[in-house]
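Rule-based calculations on the coordinates, nothing more; no lab input. As the structure is a computational prediction, the values presented were derived from the model and not from experiment. Virtual Cβ from ideal backbone geometry, glycine too; neighbours counted across all protein chains shown.
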Amino acid sequence: MEQIYYKSTRGNEKLVKSAEAIAKGLSEDGGLFVPTSIPKLTIGLEELNHMDYKELAFTIMKEFLTDYDEKELLESIDKAYDEKFDTLAIAPLSKHGGSYFLELYHGPTLAFKDMALSILPYLLKNAVKKLNIDKEMVILTATSGDTGKAALEGFANVDGTKIIVFFPQQGVSAIQKKQMLTQTGDNTFVIGIEGNFDDAQNGVKQMLTDESLLKRLDDNNKMFSSANSINIGRLIPQVVYYFYAYTQLRNSGEIKIGEEINFCVPTGNFGDILAGYYAKKMGLPIKKLICASNENKVLYDFINTGIYDRVRDFVITMSPSMDILISSNLERLLYAISGNDSGKIKSLMDNLKKDGKYEIDDNMKKELKDFFGGYATENDTQSAITEVYKTTNYVIDTHTAVSYAVYQKYLKETEDTTKTVIVSTASPYKFTPDVMKSIDKRYIGLNDFELIKELSKITNGDIPAGIKDLETKPVLHKVVCEKNEMQIQIEKILNI
């Protein structure tokens, strides 16, 4: 098997193996680690059909993580995708009213982040061992709602680690906030900031590359890593479920082997849809990756104009995990469509930092052909929830609704009849106020926990274990800080 190496998107030419890329999280120059080449699938698509999720995960991930031995990978996968998921399928594909929904919310925190953050702690633990690192790992994470709880769940009580999560105090749902603030574990720390997700993400990135801070950490036998999707160890596991969706379509007789399909992905930080792009480059027959934005439509504008401009009003929407104006993982796509030109990427990122925007050249614009950009207004999102429930009795969350609404617009605009999978990234239980009022106005006025019970009634389903007793759990994390005080909080926690 060919050894896959990783390098920075921004010019640091040093090649590292996947374990080092995962342990570091971010390159010293501020760039993101990317594989020097996307490995091609070494077996035919037919051979994937009879694999369960774990077998498929091993088949895909071993192509990227070539410095992990078979035993390390198999054990990591086995521990990650176990009974913490409420279905043996891990990521079932369900059909409702002619639409296919890839349900990625059956893990412990009811969101797609569990798909990668269930395995990242094991990949990181193995990386530390491989690299003979004898330091405490400090996992720094910014969240727009879902990453935080999934990362906390994954790293709670993991020996030799501390995990510190920053979230926008006013920018997550009540359920998301309660999930984080009630997290147990002596090594877990949760901090609200007076700012938005971009502020949290910028603060984390800055600390991950601050030479003075890194030296102080080193002097105290500690080192930073990240559980955000800037960590390549987060991105690679996500490639798996694109292949899994394809095999489920094939096994149900909906498509033939080799037939192209589309994916419509609700997108904020661009990591989820980028995993789909990597799957396509590996050989999965994907025709279009439909990038669905909410009213923070910076990605929609970029895909349609080639201009990325974050200088705009930040909108707080009913799909808060997508309320993002700086899509970090887009940098990895830019690197790929520039012909791996790290100098060009550094220049674009410098422009983004200095002016808040950049424009790609015509050659790069042509390479965006794999993508279609669409966006949904708040009314579109609400109408999508209403429509899907009234026509199929299926309840979708607000982020999935953005994806569904954009897919309907795509159909009208293109008349493309290619079978399309809508990537469902969160359970409706996490966003009950907006979900339930879209279903029936009589639910307006009930609190989140009353609405959870009502949702359980109309779906004839059990309340998911991850939130069943959430209402009565004690709040354990009470720190809130200004966005420019994040490092002070870190110094306090780490006593440096």
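Taking each of Lys281/Lys346; Lys281/Lys365; Lys280/Lys409 in turn, the alpha-carbon distance tops 21 angstrom for Lys281/Lys346; Lys280/Lys409. Rounded to two decimals, the Cα-based Rg/Rh of the chain, with Kirkwood Rh, is 0.93. Each other residue within a Cβ distance under 12 Å of Lys54 adds +1 if Lys or Arg and -1 if Asp or Glu, for a net charge of -4.
Averaged over residues, the count of other Cβ atoms within 10 Å places the peptides 332-338, 432-438 in the sequence 432-438, 332-338, highest first.
For the chain, the longest piece that avoids every one of the GluC sites (Glu not before Pro) found in DSSP loops with at most 10 other C-beta atoms within 10 Å covers 84-414. Annotation note: chymotrypsin sites (Phe, Trp or Tyr not before Pro) in segment 380-421 located in DSSP loop regions with a Cβ neighbour count of at most 12 within 10 Å are absent.
Simple spin-label estimate for Gln487 and Ile463 gives 4.3 nm between the two label positions (7 Å along the Cα-to-Cβ direction from each Cα).
Summing charges over neighbours of Glu254, with a neighbour being any other residue whose Cβ is under 12 Å away from its Cβ, gives +3 when K and R count +1 and D and E count -1. The alpha carbon centroids of segment 326-355 and segment 231-303 are separated by 21 Å. Counting beta carbons within 10 Å around each of His399, His50, His106 and listing the fewest first gives the order His50, His106, His399. The convex hull around the C-alpha trace of segment 295-357, projected and averaged over every direction, spans 4.4 square nanometres. Let a ≥ b ≥ c be the square roots of the eigenvalues of the Cα gyration tensor of segment 220-276; is it rounded (a/c under 1.5), or, if not, prolate (a/b larger than b/c) or oblate? Since a/c reaches 1.5 and a/b is larger than b/c, the shape of segment 220-276 is classed as prolate.
Taking a ≥ b ≥ c as the square roots of the eigenvalues of the Cα gyration tensor, an a/c ratio of 1.5 or more together with a/b no larger than b/c marks segment 373-496 as oblate.
Lys and Arg at +1, Asp and Glu at -1: add these up for the other residues within a Cβ distance under 15 Å of Asp159 and post the number.
Here the charged neighbours net out to +3.
At full extension, Thr391 and Gln169 could sit 76.3 nm farther apart than now, given 0.36 nm per residue minus the alpha carbon distance.
Rounded, prolate or oblate: which fits segment 38-87, taking a ≥ b ≥ c as square roots of the Cα gyration tensor eigenvalues, rounded meaning a/c under 1.5, else prolate when a/b beats b/c? Cα axes put segment 38-87 in the oblate bin. Applying 1/(1 + (r/R0)^6) with R0 = 30 Å to the Cβ-Cβ distance of Thr377 and Asp186, what FRET efficiency is obtained, to the nearest 0.05? E(calc), rounded to 0.05, equals 0.10. Here the ratio of the Cα radius of gyration of segment 159-219 to 2.2 N^0.38 Å is 1.28. Loop-resident trypsin sites (Lys or Arg not before Pro) (DSSP state other than H, G, I, E or B) in segment 443-496 with no more than 15 further Cβ atoms inside 10 Å of their Cβ: Lys468, Lys478. Given a cut-off of 15 Å, what percent of all Cα-Cα pairs of segment 248-326 lie beyond it? So the pairs more than 15 Å apart make up 62 percent of the total in segment 248-326. The alpha-carbon atoms of segment 403-464 define a convex hull whose volume equals 109 cubic angstrom per residue. Restricting the calculation to Cα atoms, segment 343-387 yields a radius of gyration followed by a Dmax of 16.5, 47 Å.
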